[in-house]
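The values are calculated or read from the model by the stated rules, or taken from the named source; none is laboratory data. This structure is a prediction, so every number in the text was calculated from the model and none was measured. Using ideal geometry, Cβ is built from the backbone for each residue, glycine included, and neighbour counts are taken over all protein chains shown. Please note that ligands, DNA and RNA were not included when accessible areas were found on the heavy atoms of the full protein model with its side chains. Shrake-Rupley method; radii C 1.70, N 1.55, O 1.52, S 1.80 Å.
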Amino acid sequence: MSQVQARFFTENKKYLVDDVPFSIPAASEVADLSGVINKLLEANHDGHKHVEFDFLVRGQFLRTKLANHMETENISTEEVVEIEYVEKFTAPQPEECIMHDDWISSVEADSEWILTGSYDKTARIWSMEGKAVMTVAGHTDVVKDVAWVKRDGLSSLLLTTSLDQTIMLWEWNSERNEVKARHCCRGHAGSVDTVAVDPSRTKFCSGSWDKMLKIWSAVPTVEEDEMEEHNRPRKKQKTEQMGLTRTPLMTISGHNEAVSSVLWMDAEELCSASWDHTIRLWDAETGGQKSTLTGNKVFNCISYSPLCRRLASGSTDRHVRLWDPRSKDGSLVLLSLTSHNGWVTAVRWSPSHEHQLVSGSLDNVVKLWDTRSCKAPLYDLAAHEDKVLCVDWTENGLILSGGADNKLYTYRYSTCVSDAGA
Amino acid sequence: MRPTHSGTMSKVKNKKRNLEENEDEQLPIFDKDGGKDGHLDDGDEDQGDLSDSEESVFSGLEDSGSDSDDEEEEEDDDEEEDGTEEKSSDVEEDKAADGDGDDQLSAKEVTEPQTDGQHSKENKKKKKTAGKEGGEESVVSARDSGLQTSSQVDEYEHDTSDEEDIRNTVGNIPMEWYKDYPHIGYDLDGKKIFKPIRNKDELDEFLDKMENPDYWRTVQDKMTGADIRLSDEQVDLVHRLQEGKFGDVNFNEYEPAIDFFSNEVMIHPVTNRPQDKRSFIPSLIEKEKVGKLVHAIKMGWIKPRRPKETTPQYYDLWAKEDPNSILGRHKMHVPAPKLKLPGHEESYNPPPEYLMSEEERLAWEQQDPEDRKLSFLPQKFACLRAVPAYSRFIHERFERCLDLYLCPRQRKMRVNVNPEDLIPKLPKPKDLQPFPTTQSLVYRGHSSLVRSISTSPSGQWLVSGSDDCTVRFWEVSTARCLKTVEVGGAVKGVAWNPNPSICLVAISYDDTVVLLNPGLGDRLVSTATDQQISSYEEPEEVKEQPVQWTVAEGEGHEQGHRLILKHPKAVRQVTWHGKGDYLACVMPDNGSSLQVVIHQVSKRRTQNPFRKNKGLVQCVSFHPIRPYFFVATQRYVRVYNLIKQELTKKLMANCKWISSMATHPGGDNVICGSYDCRLAWFDLDLSTKPYKVLRHHKKALRSVAYHRHYPLFASGSDDGSVIVCHGMVYNDLLQNPLIVPVKVLKGHTITHDLGVLDVTFHPTQPWVFSSGADGTVRLFT
């Protein structure tokens, strides 16, 4: 049985072992290596509890036998192999399953509340425990996207976009538990499929099937209200219900097909993905186009991680692709993560980890990826019984996914056991 | 001869002159003569030249003793010399006048032959003087030496083998013989000619060499032993001769050549002699010779030429054949199979290992004769005498003969054709992307077979009509059914209005066509469509129409029904014109004159475009750009021009029963699917026969469709599969369409022997929708 010289190292001070090369069987797998490390740690520390480890060889997760991995990665077996080990990412723990009346088109959660948009023309606010707190009804058609704008104290601002070509800005008071439509943003000539709030929380951008991007103010006002009061008392009734009509600050056109996803890279830069096979970066101040990333399939969703400064895109093939938005040669695909069997409908980077992202697909599976292991995902979350339409990942480690089976699943996910305890 | 000649020529010349006065004189030789003939002024000069050149030799002689050697003097000398052939040789004597030059010259010419004689006389005289002076003159003056040389040159000029040097009578002997004597020979009178006194030693010689400026031109005369100083002319002559030039200064080597026998015919012959008598009399000798030949022929001694042999000549074609030549039959030579050499086992006394054991022998006997390794059993005999006759001998010989007889005589040159090479090269499907490859979404909801589907012009929605009497509207990207509309019968056809500014869907069931506003897409468009329909005003005079238009009300209106068109017969297909105002409906009914009707929605008018329909109409289609209308019957597709109202083309589909038809967005190509599993591609520019027939489906085709932008077309069949083909139509009229099948898409389950009932492409993406008998619509991307 062949042996390989390996040296183990880790970033985590807690699990340091001696920096000496070990001779380990080439056929050993992750479990074997994990055993080796645990033995070493037991020898060093007395009160060591067994910990599962994961191993990285040259930045790639070890998933097969060490010998096979080294062969595929073209690593010489003659030299000492540097193996990094990290505590194994524990599987996300399913927490809640929240039933809806209809398909869930979108989800966004913050630390306390979960906001979902549904095909029953309403948006709903849920507590973390899965208790229905509020139903936001007012749209005349399917709610396609939702977003939190601001939460200060008890009142919050939230946005819903709908197939009825409008975006509604709502104010929700959590204490009194009442929701009021503040503004109805009209201007799109197609269903508004996506909305994103800028980092300063004063503006938001919407993308629609009519190929347009529109930037709106997210600050609720009351002056308009008074102006219209005298002139049109009849319309007042309606505005009570629907909120004041608001027009866009700016319209950005440039896409040749429907805009499927939009996000703010920072306060000045917008990024939008479209059915015309492009991802475009825009200057939010001037509305000018900065650069284009061209794919060859329709883009369904994009997500941007400020930690690793990468864009992840899901398209109508089965790949999640990673892009570098700064690169000048726009068509560069850094990496594609392939494991899904259907269109990737939703991707979301981890807000806290630079290597991890979650993706949802029409094949009913949500996958948790680590970019260091691009061949296979870390975990498959196969809870859904129908198409997954939306995923989200909150800063406090909650993964949410909703789909065509009317269920919203939440998973508690911590990168490692020790963090979970902390 | 010369006078005659020159005379003739000069005449010619004169003639010429008369002809061309201005022409320069290019023939100086004749001019001299001409001058002689009477051109006095010229004559002087020429004469002078001539005489100078001809008689310069004499000048030296005559000059001996003269003081001057300039030109004039010489000229004078010439005159004098010419004129005074009988005069004494006194040099100083004469100064003849120039005036009589002509006469003198002619005289000279006449007397020319005598000059030699004169010379010899003069020479003699010279000798005398030389002899006289011989002893006294110690140093020859320059002038004298000049004289001497002149005489010398003169001597040389006239020196011939038979003419002796008369100054010294010793004859032509080596002068060394007189080396030791004080004299050098004898003159004519028999007196000794003494050598000039030579008392110069080397030093004197050297001094002389250094001081005497004429040393270099001083030579010793061998015959007289005297030193002679060469005159300038002589030196010049020597130089000229050394340089290989002509001796005479005035002689022009490059005088233009005169073609004596010019092409000009002269009136006078060169010779004026009368012809001989014999040139008029037949030759006797010839007569004799001919007579002899005639006699010989008569006698048969001389025979005429032998006739050529006419027998054909043969040669052996193979005689010289090169045994090594490649072209020979040896190329194909196959040597006869060789007989195997006998081995040890055939010996009468083989080594024991060749003898078979009992088991081997049994095995050998068990084997078939063909399978046996050896055709005999090795046997051992004690001695050669004991060996019996070989029983298989005849048999073996026969087999050998058979081998030779059956062995191949020629190598067959087999052409190895790889069957794959015969298939035309088609681009790989991989290079023709994008095209749909996998099933992405399934639109579930219908409970019965879905007969027809159509997409909204924006590509956001899909409408499907089913036998469960419902029409469903789907969101393409999520397969969500957003709307279900119930109608009063099994839906046969749905068609979304292709005009993006009109939101209408035509639905046909039974004998009804409903125009339905689904209320999807832009609200403004939807309301505008509703307004347009409701704002219609009845025209004053109502025409009799084959179709009854009614506006939907009540519950139907709630569901979106806007207009209801009642047809006299069951409507099978509805299709919109590209502008979205005209709607064609097909009511198949064999023999009826009302099978196709065209509705105009904005005016609520219906027309029957055809007085008579031939055959059973299967489907119809509008040309996307031009006012053409395609009508597919069972076997033919007829193309009508709607403006001219005439039949433009009749396409022969070469199939039994057309089921479906689609028009290329460019309008020049049409595909037809048929129930006998064929798909025919027509290029309207090429011919009325199919450009290509594809037979990829195993069962009847139900539907065909073109993509609006991508070079794709698809066909759905009863075998449950959708076949997507790459169909590239080039703008270049010379290039035929490129048709490559790229993908077979399977997904539908076959129910009631029906598979895919309709296919349609997404308007913007390379995606294809198919609806099947299993009640589903599938999206392939």
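A few comments on the model shown:
- Residues in the stretch A:273-284 that are farther than 24 Å from B:Q460 by Cβ and more than 21 Å from the chain's Cα centre (by Cα) were compared, and the one that is surrounded by the most Cβ atoms within 10 Å (Cβ to Cβ) is A:A284.
Yes or no, residue by residue, for (1) open to solvent by less than 50 Å² (accessible area, probe 1.4 Å); (2) modelled with pLDDT under 85; (3) of a type in the set (D, E, K, R):
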| residue | (1), (2), (3) |
| --- | --- |
| B:F194 | no, yes, no |
| B:K222 | no, yes, yes |
| B:Q234 | yes, no, no |
| B:G247 | yes, yes, no |
| B:S262 | yes, yes, no |
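- Among the strands (runs of 3 or more DSSP E) confined to the stretch B:725-781, the ones with at least 3 residues that are within 14 Å of chain A (Cβ to nearest Cβ) are located at B:777-780.
- Selection within the stretch B:504-563 - small (G, A, S) and open to solvent by 30 Å² or more (accessible area, probe 1.4 Å): B:A528, B:S534, B:S535, B:G554
- Residue match in the stretch A:152-161 (condition: open to solvent by 10 Å² or more (accessible area, probe 1.4 Å), within 27 Å of B:K483 (Cβ to Cβ) and without any contact (Cβ under 8 Å) to a residue 60 or more places away in the chain): no
- Only residues that are open to solvent by 40 Å² or more (accessible area, probe 1.4 Å), out of contact with any Lys or Arg (no Cβ under 7 Å at 6 or more places or on another chain) and either in a strand (DSSP E or B) or modelled with pLDDT under 85 (or both) were counted in the stretch A:291-306, giving 2.
- Residues that are surrounded by fewer than 24 Cβ atoms within 10 Å (Cβ to Cβ) and either in contact with a strand residue (DSSP E or B) (Cβ under 9 Å, 6 or more places away or on another chain) or at pLDDT 90 or above (or both), drawn from the stretch B:763-773: B:P763, B:P766, B:A773
- Residue count for the stretch A:201-210, restricted to those that are surrounded by fewer than 20 Cβ atoms within 10 Å (Cβ to Cβ) and within 14 Å of another protein chain (Cβ to nearest Cβ): 0
- Count of residues meeting criterion [of a type outside the set (S, T, N, Q) and outside any helix (DSSP H, G or I)] in the stretch A:1-41: 19
- Hey, A:V142 within 28 Å of A:W369 (Cβ to Cβ) and either within 14 Å of another protein chain (Cβ to nearest Cβ) or surrounded by fewer than 22 Cβ atoms within 10 Å (Cβ to Cβ) (or both) or not: no
- Index of the failed condition, B:S458 passing every other in (1) more than 13 Å from chain A (Cβ to nearest Cβ); (2) in contact (Cβ under 8 Å) with a residue 12 or more places away in the chain: (1)
- All strands (runs of 3 or more DSSP E) inside the stretch B:559-635 with 3 or more residues being not β-branched (V, I, T): B:561-566, B:582-586, B:619-622, B:628-632
- When each of A:T194, A:T166 is tested for being within 14 Å of chain B (Cβ to nearest Cβ), touching a Gly at 6+ places or on another chain (Cβ under 9 Å), open to solvent by less than 40 Å² (accessible area, probe 1.4 Å) and touching a residue at least 60 places away in the same chain (Cβ under 8 Å), the lone residue that passes is A:T194.
Yes or no, residue by residue, for (1) under 45 Å from the mean Cα position of the chain (by Cα); (2) small (G, A, S); (3) surrounded by fewer than 23 Cβ atoms within 10 Å (Cβ to Cβ):
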| position | (1), (2), (3) |
| --- | --- |
| B:L701 | no, no, no |
| B:H707 | no, no, no |
| B:L733 | yes, no, yes |
| B:N736 | yes, no, yes |
| B:G755 | no, yes, no |
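Residue by residue, here is whether (1) more than 60 Å from the chain's Cα centre (by Cα); (2) within 24 Å of B:G755 (Cβ to Cβ) holds:
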{"residue": "B:V387", "(1), (2)": "yes, no"}
{"residue": "B:S391", "(1), (2)": "yes, no"}
{"residue": "B:R397", "(1), (2)": "yes, no"}
{"residue": "B:C407", "(1), (2)": "no, no"}
{"residue": "B:S452", "(1), (2)": "yes, yes"}
{"residue": "B:K483", "(1), (2)": "yes, no"}
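- Pair list, Cβ < 6 Å and 6+ apart or interchain, from the stretch B:668-696 residues that are in contact (Cβ under 8 Å) with a residue 60 or more places away in the chain to residues that are surrounded by 17 or more Cβ atoms within 10 Å (Cβ to Cβ) and of a type outside the set (V, I, T): B:D668/B:L684; B:N669/B:D683
- Of the residues in the stretch B:493-504, at least one is under 60 Å from the mean Cα position of the chain (by Cα) and within 14 Å of another protein chain (Cβ to nearest Cβ).
Conditions (1) at pLDDT 90 or above; (2) in a loop (DSSP other than H, G, I, E, B); (3) buried (at least 20 other Cβ atoms within 10 Å of the Cβ), marked per residue:
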{"residue": "A:A189", "(1), (2), (3)": "no, yes, no"}
{"residue": "A:P199", "(1), (2), (3)": "no, yes, no"}
{"residue": "A:W216", "(1), (2), (3)": "no, no, yes"}
{"residue": "A:R234", "(1), (2), (3)": "no, no, no"}
{"residue": "A:K238", "(1), (2), (3)": "no, no, no"}
{"residue": "A:P248", "(1), (2), (3)": "no, yes, no"}
{"residue": "A:I252", "(1), (2), (3)": "no, no, yes"}
{"residue": "A:H255", "(1), (2), (3)": "no, yes, yes"}
{"residue": "A:T286", "(1), (2), (3)": "no, yes, no"}
